[in-house]
Amino acid sequence: MPDAPTAIRTGIIGFGLSGRVFHAPFLATNPAFELSAIATGSPERAAEARAAHPTARISSSPEALLEFALAGGLDLVVLASPPHVHREQAIAALEAGAAVVIDKPFAPSVADAEAIIAAADAAAAAAAADAAAAPATGRTPAPRPLTVFQNRRWDGDFLTVRRVVGSGALGRIHRFESTFERFGAPKLDRWQGRIGPEQGGGILFDLGSHLIDQALSLLGPARLEHVELTRVRAGIGNEDDAFVSLIHDGGVRSHLTMSRVAAQSGPRFRVLGDESAFSVHGLDGQEHALRQGMRPGSAGYGTTPESEWGVVGVEGGVPALAPVPTEAGDYPAFYAGVAASIRHGAPMPVDARDALETVRLIEEAHRRDRC
């Protein structure tokens, strides 16, 4: 009987909302992983990390965690840190021999993103050479030991959009609308509200990284057609309301709206075809469930009540509007894919080159907005 595979020893840099809610729960509940180390400079968050993950090694600095990785203590490093430090931290982790998950925004510039990808390619080549020299290590090196946490590819409503579009029920798609809007005070106490776009701050890097990635993964490559960036709240270092129009190589237009100052919101998705349309309101419930302490795999995780399903059809016409069951949200699929890559050499769940294209469009949008 073959030995059980060893757990993937994982460290997280950063234990704010991202590290605490979007990464640690999935690592802690997936038996393929061992949450071995957490780095946070906040004493309060360090105490929270110790309470939630008592077997993890808690460090007060990223450097200490990266030194642990360099000493061979980690197989995977997750960057839940601000984007302007991703380049330095990712390259250090890759050079230490660890695979890397980078939370969005991937990087604040194309140059940074390209440098990280080049380091990953070099690390993959080195790992392949090592494996060829010592094939009995028991693991197949990941073809690219780098991925970007674009978790909203696994939102239930987006999975439903993908299913409906793929079915052909809408006919030829001509417009894809995606709206992600919230309402609240400016994030002056968090890096998202303090740093400028040159460091990856602003709503376009934050929520826009999700919306652009979804549009590209659904409809293929695109170019920027129009952008509107607005700073509504006083005292912040970046835009908090944005609109982006893309035109895809296949001719479909994507209208992407994101905001932190929208007291009312339109449909989360509206997809228009020449035969029918699909629309759905509200947000995927996984983030809310995780914030409330629900664990991945718990009963009801990822499900959407029937009252919040979208509809397909033609208003007042044929085919008449009909409800469409929402697919189950599946953020756990991301880390299942990471485990398959590290253990078996499967492709990472998100190609970093996809994330590079998202950064390229965001960088162009900021450049055009300054003109």
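Just a few scattered comments:
- Under the Karplus curve 6.51 cos²θ - 1.76 cosθ + 1.60, θ = phi - 60°, whole-Hz ³J(HN,Hα) for the stretch 95-106, x wherever Gly or Pro sits: 5, 7, x, 8, 6, 9, 10, 10, 5, 6, x, 3
- Site pair residue 340 and residue 182 shows an inter-label distance of 3.0 nm when each label is modelled 7 Å from Cα along Cα→Cβ.
- For the set 274, 249, 112, the ranking by accessible area, highest first and with no ligand, DNA or RNA atoms included, is 249, 274, 112 under a 1.4 Å probe.
- Between helix 332-344 and the chain: long-axis angle, C-alpha atoms, 0 to 90°, nearest 10: 40 degrees
- Positive end of the dipole of the chain (Cβ unit charges, origin at the Cα centre): among 294, 8, 242, the Cα lying farthest that way belongs to 294.
- Short-range pairs are left out: with C-alpha atoms under 8 Å and at least six residues apart, the relative contact order of the chain is 18 percent.
- Packing-based ranking, highest mean first, of 79-90, 199-210, 287-298 given that Cβ atoms within 10 Å are counted: 199-210, 79-90, 287-298
- Placed amide H near residue 59: partners under 5 Å, 5+ positions off or other chain: 38, 39, 40
- Within the stretch 258-283: backbone nitrogen closer than 15 Å to the residue 230 label point (7 Å, Cα to C-beta): 258-266
- For the chain, the share of accessible area belonging to carbon and sulfur comes to 53 percent (1.4 Å probe, ligands and nucleic acids excluded).
- The stretch 85-131 and the stretch 255-301: distance between their alpha carbon centers, rounded to Å: 31 Å
- List 255, 281, ordered by accessible area with a 1.4 Å probe, largest first: 281, 255
- Phi-derived couplings, Karplus 6.51 cos²θ - 1.76 cosθ + 1.60 at θ = phi - 60°, listed residue by residue for the stretch 273-285: x, 7, 10, 6, 8, 10, 9, 8, 9, x, 10, 3, x Hz, with x used for Gly and Pro.
- Taking amide H atoms as placed 1.01 Å from N in the peptide plane, the amide H of residue 346 lies under 5 Å from those of 341, each 5 or more residues away in sequence or on another chain.
- For the stretch 232-371, the C-alpha radius of gyration sits at 1.32 times the compact-globule guess of 2.2 N^0.38 Å, with N the residue count.
- Between amide H atoms placed 1.01 Å from N, distances below 5 Å from residue 78 occur with 11, 12, 13, 101, all of them 5 or more places distant or on a separate chain.
- Solvent-accessible surface of the stretch 235-371, averaged per residue with a 1.4 angstrom probe and all protein chains in place: 46 square angstrom.
- Contour excess over end-to-end distance, with Cα ends at residue 303 and residue 64 and 0.36 nm allotted per residue: 82.1 nm
- Diffusion constant of the stretch 34-163 at 25 °C, which comes from Stokes-Einstein with the Kirkwood Cα-pair radius and 0.890 mPa s, µm²/s: 152 µm²/s
- Normalised per residue, the accessible area of the stretch 1-43 is 40 Å², obtained with a 1.4 Å probe and no contribution from ligands, DNA or RNA.
- Note that the chain shows a convex hull volume over its alpha carbon atoms of 154 Å³ per residue.
- P(r) histogram, all alpha-carbon pairs of the stretch 42-110 included - 10 Å bins from 0, percent: 20, 47, 30, 2
The values are calculated or read from the model by the stated rules, or taken from the named source; none is laboratory data. All values reported here derive from a predicted model rather than from experimental measurement. With ideal geometry, Cβ positions are generated from the backbone for all residues, glycine too; neighbour counts draw on all protein chains shown. Side chains are part of the model used for accessible areas, which takes the heavy atoms of the whole protein and leaves out ligands, DNA and RNA. Shrake-Rupley method; radii C 1.70, N 1.55, O 1.52, S 1.80 Å.
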